[in-house]
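**Q** Provided herewith is a single structure, encoded as C-alpha cells, for subsequent inquiry.
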Amino acid sequence: MDPELARRNLRFGWALFFLFWLLFAGTFLVAALVLGGIFLGLALQLRRAATPRHAGVLFHYSLLYLALLFAAAALDPVLF
C-alpha cells in the first residue's frame, strides 16, 4: 500500500469533516460529523498499517459514507 495514498485519504477526511462542520446544520451536520469521524478513524488506521485489508475497508466504507450523506441531505429539509 502506498503511504502517500494513505496520507491523501487522511487529508481528504479532515477536509470533509471541517467543511461540513462549517457549512451545514441540522440532521446533515450530525450525520456528516459522525460519518466523517468514522472515515477519519479508518483513514488513520490505514495510515498506521497500510495493508490491502485496511484499504478495502476504507474503500467500502467510503461508498456507504456517500450513500448515508445523501440520505441525510434528503432528510434534512424534511426534518428541519
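Just so you know, all these numbers are worked out from the coordinates, no wet-lab data involved. Computed from a predicted model, the values in this text were never measured in an experiment. Cβ coordinates were reconstructed from backbone atoms using ideal geometry, including for glycine residues, and neighbour counts include every protein chain displayed.
**Q** Output ³J(HN,Hα) for region 66-74: one whole-Hz value per residue in order, computed from phi by the Karplus curve 6.51 cos²θ - 1.76 cosθ + 1.60 with θ = phi - 60°, and x for Gly and Pro.
**A** Computed from phi, the couplings for region 66-74 are 5, 4, 5, 5, 5, 5, 5, 5, 6 Hz.
**Q** Could you compute the FRET efficiency for Ala71 and Arg48, with r as their C-beta to C-beta distance and R0 at 22 Å, rounded to 0.05?
**A** FRET efficiency, Ala71 to Arg48: 0.15.
**Q** So how far apart, in nm, are the two label points at Leu29 and Val78 if each is 7 Å from Cα heading toward Cβ?
**A** 2.1 nm
**Q** Counting each DSSP H run of 4 or more residues in the chain as -39500 (n - 2.57), what helix-only mean residue ellipticity at 222 nm follows after dividing by all residues, to the nearest 500 deg cm²/dmol? Could you put the intermediate results ahead of the total?
**A** Values: 3 runs with 71 residues, N = 80.
My calculation for the chain gives -31000 deg cm²/dmol from helical runs alone.
**Q** Using the reciprocal of the averaged 1/r over all distinct C-alpha pairs, how large is the Kirkwood radius of region 1-47 in Å?
**A** Values: mean 1/r = 0.0924 Å⁻¹.
Answer for region 1-47: a Kirkwood hydrodynamic radius of 10.8 Å.
**Q** Using the alpha carbons of region 3-79, what is the convex hull volume per residue in cubic angstrom, as a whole number?
**A** That works out to 64 Å³ per residue.
**Q** Let me ask something additional. May I ask for the angle, rounded to the nearest 10°, between helix 3-23 and the longest principal axis of the chain, with both axes built from Cα atoms and the value confined to 0 to 90°?
**A** Approximately 10 degrees, to the nearest 10.
**Q** Can you give the angle from 0 to 90° between the axis of helix 27-48 and the longest principal axis of the chain, with both taken from C-alpha atoms, to the nearest 10?
**A** So the inclination is approximately 0 degrees.
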